[in-house]
Amino acid sequence: MTDNTQVAKDIKKLNSNKFFLGLRSYLIITLGLFIYCFGICTFFVPNNLVGGGVSGVSAIIYYASHGKISMGLTYVVINVVLILIAIKVLGLGFGWKTIYAILLISLLLDQLPRLMPEQFIREFSLDNGKILCAVLGSACTGFGIGASMSQGGSSGGTDIVALLVNKYRNISPGKVILFIDVVIILSVLFCPSYNAEGELIPLSGRIATAAYGFILITVNSYVVDLYLSGSKQSVQLFIFSEKPEEMADVMVKMRRGVTVIPAKGWYTKSERDIVMVIAHKSELNNLLRIVKTVDPDAFLSVSTVMGVYGKGFDQLKGKAMK
């Protein structure tokens, strides 16, 4: 089997894996959202804690209604209203992953508390104190949101509100989400809240709940950023090969941007082209395998880059300078 035939087979195999990559993406989103809901149902709800976003609003309504209005129902109703408004204002810009995430979160928030044994909740959550539960729960929710966002998923909610505000006002979505989260947490002070035993929580207890809420959103945002900064890492390859044109053509067939840089080896005094490729870190193993197939004697330099902006990667945000 010739090298060209092997390369063609590798590229065909990579292109045929799109279905499995899509399936993998949905599996990661599902796992992430399960961990997100697990954190809420295990650590937040038993301790009457309130976080940000629509899940925070759902928790406030759940506590105020003695648990008669389920969090899952509130979550899906609020998100359906927001999506309808966003479709009217922004157009059909919401993908199936957002709808899937909203429905899955609503189902899990409704069913998970019923599946968890009381003994498990007591030993794993109630006996550990609210501060530890606030940290552990927000770590779970941050990890779950980060996993979902890394695959193009969105839990809707305050993300949609941020997009609506950003359309008409020059305010960053991050600031809008932070402002909404602060308002939701402070609203705990003015809403009645009942614990699992049906006892009304006094004002001092609601003040403590608000304080824990600020811990929640801080840890949550940190974990989300930590996850995304790791999952969105990119790599830069410098390929020194005797077959630079063939190497560059193969990378183009893999739908990767390629730059050929003229260079001169100072030891040999010979001129040679260097092939530079930037790709997502998850694609590195496939790239190395194909490079080896094209030229087993190629010399490579691989480095991690902090940020890549442009087509196929992150987009530059903010207004250009005048």
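The values are calculated or read from the model by the stated rules, or taken from the named source; none is laboratory data. Fair warning: this is a prediction, and the values are worked out from it, not measured in the lab. Cβ placement follows ideal geometry from the backbone for every residue including glycine, while neighbour counts extend to all protein chains displayed. For accessibility, only protein heavy atoms count, side chains too; no ligands or nucleic acids. Shrake-Rupley method; radii C 1.70, N 1.55, O 1.52, S 1.80 Å.
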Matching residues, the range 180-196, being open to solvent by 50 Å² or more (accessible area, probe 1.4 Å) and closer than 12 Å to residue 62 by Cα: 192, 194, 196
statement: residue 143: passes all of (1) among the aromatic types (Phe, Trp, Tyr); (2) touching a strand residue (DSSP E or B) at 6+ places or on another chain (Cβ under 9 Å); (3) open to solvent by 40 Å² or more (accessible area, probe 1.4 Å) but (2)
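Could you tell me how many of the residues in the range 144-160 are more than 8 Å from the chain's Cα centre (by Cα), at pLDDT 75 or above and part of a helix (DSSP H, G or I)? Write out each step before concluding.
Here is the first cut: in the range 144-160, the ones more than 8 Å from the chain's Cα centre (by Cα) are 155-160.
Restricting the remaining residues to those that are at pLDDT 75 or above gives 157-158.
Still in the list and also part of a helix (DSSP H, G or I): 158.
Number satisfying all stated conditions: 1.
Every residue, every condition in (1) of a type in the set (Gly, Ala, Ser); (2) touching a Ser or Thr at 6+ places or on another chain (Cβ under 6 Å); (3) at pLDDT 90 or above, yes or no:
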{"residue": "11", "(1), (2), (3)": "no, no, no"}
{"residue": "21", "(1), (2), (3)": "no, no, no"}
{"residue": "25", "(1), (2), (3)": "yes, no, no"}
{"residue": "36", "(1), (2), (3)": "no, yes, yes"}
{"residue": "39", "(1), (2), (3)": "yes, yes, yes"}
{"residue": "44", "(1), (2), (3)": "no, no, yes"}
{"residue": "65", "(1), (2), (3)": "yes, no, no"}
{"residue": "80", "(1), (2), (3)": "no, no, no"}
{"residue": "93", "(1), (2), (3)": "yes, no, no"}
statement: Taking the range 268-304 and keeping only residues that are hydroxyl-bearing (Ser, Thr, Tyr) and either touching a helix residue (DSSP H, G or I) at 6+ places or on another chain (Cβ under 9 Å) or surrounded by 16 or more Cβ atoms within 10 Å (Cβ to Cβ) (or both), one is left with 282, 293, 304
field: Pairs, first assigned to a helix (DSSP H, G or I) in the range 225-251, second open to solvent by less than 20 Å² (accessible area, probe 1.4 Å) and modelled with pLDDT under 75, C-beta under 7 Å, six or more apart
entry: 250/7
- request: Test residue 261 against the criterion of being in contact with a strand residue (DSSP E or B) (Cβ under 8 Å, 6 or more places away or on another chain) and at pLDDT 85 or above, and give yes or no.
  value: yes
statement: Condition set open to solvent by less than 70 Å² (accessible area, probe 1.4 Å) and polar (S, T, N, Q), scope the range 197-223, selection farthest from residue 48 (Cα to Cα): answer is 221
- prompt: Quick one: what pairs do we get from the range 265-288, first residue more than 17 Å from residue 243 (Cβ to Cβ) and touching a residue at least 40 places away in the same chain (Cβ under 8 Å), second among the charged types (D, E, K, R) and not in a strand (DSSP E or B), C-beta under 7 Å, 6+ apart or different chains?
  reply: 279/256
